[in-house]
Structures are given as C-alpha cells and as structure tokens.
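Written out below as structure tokens is the structure these notes cover.
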Amino acid sequence: VHISSSLNDNPELNIEYLITEIPYGVPPNATQPKDRLQTNDARVLDGFVIDDQIQFVSSTVDPVNGHSAIYHGIVENIRTEPAITGKILGDETDHRAYPGIAYCGTTPGDRDAIICALHASPERFPGYSALYSNFGYSDWMTIKEGQRVIDMFKVNNPFGVDPTLERWGDYVGIQPKYDGEGTVWTAAVYGKPGSVNDTWVGYLARPSI
C-alpha cells in the first residue's frame, strides 16, 4: 500500500498484491497435554519496515506435518520493484502460533530480527519461544516454559463454548528497546498452576550482545 504524498497534497492511494513462492494456509488448532488450543487464522500479525524492506509474520499450517507453524515473509525493494519471499518455520513436535517480530539490528544495512511465538504439544505445556533471523535462522530458544495446561473454560465458560478448545491467550507483544541497541522486550502467554493463562515478560538480545 503506497500513499503518494502528504494529506495536504491530495495524495493518491495505490494498492498492489504480491504472491510468495511458498504458500501459506489456515493453521490447525494446536494440541497440549489436555485438549486443544485455538489458532484462529492466517492473517499477518506483526511486521516492521527497515530501509527498503518489510518483514512480517503470521500463523500458518506446516504442509510437512500438518502442525500449526510460523510464516516469515520478506518484501524487498518496496519503493521500486517489490518482490516477496516466504519461509515456514515449523517443528517436528511443537505447534507454534501467534508470532511477533521486531528489528534488532545495530548498524546500517542490518536486517536482523527476533521472532517470538507461542508453543505447545501433546507433551509440552503452553509457553513461548523465540529465534534470531539474519539471512538464516537460529534454533528456537525457550523464553518461558509452561507449568500447566490452559483449561480456562473449566474455570469460566459463560458462553457455553466447546470446553475442549481453549483460547490460547492469543497474541504476543514484541518491541525494540530503543535505548538498548539490539535488544527487545517481549510479552506472551504461558500456562500456570490453576490451569489458567498468564503473561510472561522477556528481555532478549541478538547473539552478538
């Protein structure tokens, strides 16, 4: 989406679409040691612009194993000839969803980012993880390991919804620390005693820091 000039200059709004070479799809509901967790849909959830590039993330289905996974998209040359690439960040055992992304570069020309996302599996309580991206990807690092399943509808279910399909806690927050170059704050959900969800705040840094 391009806006040609400021509001005072009667700007034009121009919209075009790009298609990635890696397709995405609606993520399935995730599993935890008891019941399932909602993942909702495949809309773009977070992104940033740096120089002539956009990076964004969303949830997706992983076509390799049918798990919920993370889609990382990059749009290059946004002001001239935009081109898009995509990468599915999946896992053999874990389901991942509700990603966030933040820039963590330290010098001009850097394209470094930290991506965080929720995780769960039939053997793993809900928590959240993060990885580092810089023309490649680190392994996922656990930021907060869950302590219990999320079973909120047993605690409070005023609408009579399916008690085996839990709200995961949904979205994460991630933001650069502007007076702490190369570092970011994160906030995301984990399951805690009482089988309820709560928020854990993390402070993360790129590997060189």
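The values are calculated or read from the model by the stated rules, or taken from the named source; none is laboratory data. Here the structure is a predicted model, which means the values were calculated and not measured. Every residue, glycine among them, receives a Cβ derived from its backbone with ideal geometry; neighbour counts consider all protein chains shown. Note: areas computed on protein heavy atoms with side chains; ligands, DNA, RNA excluded. Shrake-Rupley method; radii C 1.70, N 1.55, O 1.52, S 1.80 Å.
Return the residues of the range 22-34 that are open to solvent by less than 30 Å² (accessible area, probe 1.4 Å) and either in a loop (DSSP other than H, G, I, E, B) or over 17 Å from Asp94 (Cα atoms) (or both); say none if nothing qualifies.
Gly25, Pro27, Gln32 - these are the residues of the range 22-34 that are open to solvent by less than 30 Å² (accessible area, probe 1.4 Å) and either in a loop (DSSP other than H, G, I, E, B) or over 17 Å from Asp94 (Cα atoms) (or both).
Would a scan of the range 115-122 turn up a residue that is open to solvent by 30 Å² or more (accessible area, probe 1.4 Å) and either in contact (Cβ under 8 Å) with a residue 24 or more places away in the chain or more than 30 Å from Asp35 (Cβ to Cβ) (or both)?
Taking the range 115-122 first, the residues open to solvent by 30 Å² or more (accessible area, probe 1.4 Å) are 122.
If we keep only those that are either in contact (Cβ under 8 Å) with a residue 24 or more places away in the chain or more than 30 Å from Asp35 (Cβ to Cβ) (or both) too, we end up with 122.
For the range 115-122, residues open to solvent by 30 Å² or more (accessible area, probe 1.4 Å) and either in contact (Cβ under 8 Å) with a residue 24 or more places away in the chain or more than 30 Å from Asp35 (Cβ to Cβ) (or both): present.
Given the conditions (1) within 20 Å of the chain's Cα centre (by Cα); (2) in a loop (DSSP other than H, G, I, E, B), and given that Glu81 satisfies all but one, which numbered condition is not satisfied?
The failed condition is (1).
Looking only at the range 50-78, which residues are more than 22 Å from Gly127 (Cα to Cα), without any contact (Cβ under 8 Å) to a residue 40 or more places away in the chain and outside any loop (DSSP other than H, G, I, E, B)?
Matches in the range 50-78: Ile54, Ile74, Glu76.
Answer yes or no as to whether Asp91 is under 26 Å from Ile174 (Cα atoms), touching a residue at least 60 places away in the same chain (Cβ under 8 Å) and charged (D, E, K, R).
Criteria not met by Asp91.
For Asp170, which of the numbered conditions (1) on the phi < 0 side of the Ramachandran plot; (2) touching a Phe, Trp or Tyr at 6+ places or on another chain (Cβ under 8 Å) fails to hold?
(1)
In the range 160-204, what residues are surrounded by fewer than 19 Cβ atoms within 10 Å (Cβ to Cβ), part of a loop (DSSP other than H, G, I, E, B) and of a type in the set (A, V, I, L, M)?
Val161
Restricting to the range 126-159, name every residue that is open to solvent by 30 Å² or more (accessible area, probe 1.4 Å), more than 18 Å from the chain's Cα centre (by Cα) and at pLDDT 95 or above.
Selection gives Gln147, Arg148.
Restricting attention to the range 35-49, report how many residues are in contact (Cβ under 8 Å) with a residue 60 or more places away in the chain and either of a type in the set (Phe, Trp, Tyr) or surrounded by fewer than 15 Cβ atoms within 10 Å (Cβ to Cβ) (or both).
Within the range 35-49, residues that are in contact (Cβ under 8 Å) with a residue 60 or more places away in the chain and either of a type in the set (Phe, Trp, Tyr) or surrounded by fewer than 15 Cβ atoms within 10 Å (Cβ to Cβ) (or both) number 1.
Tell me the residue from Gly100, Gly66, Gly73 that is of a type outside the set (D, E, K, R) and farther than 30 Å from Asp151 by Cα, please.
That would be Gly73, the only listed residue that is of a type outside the set (D, E, K, R) and farther than 30 Å from Asp151 by Cα.
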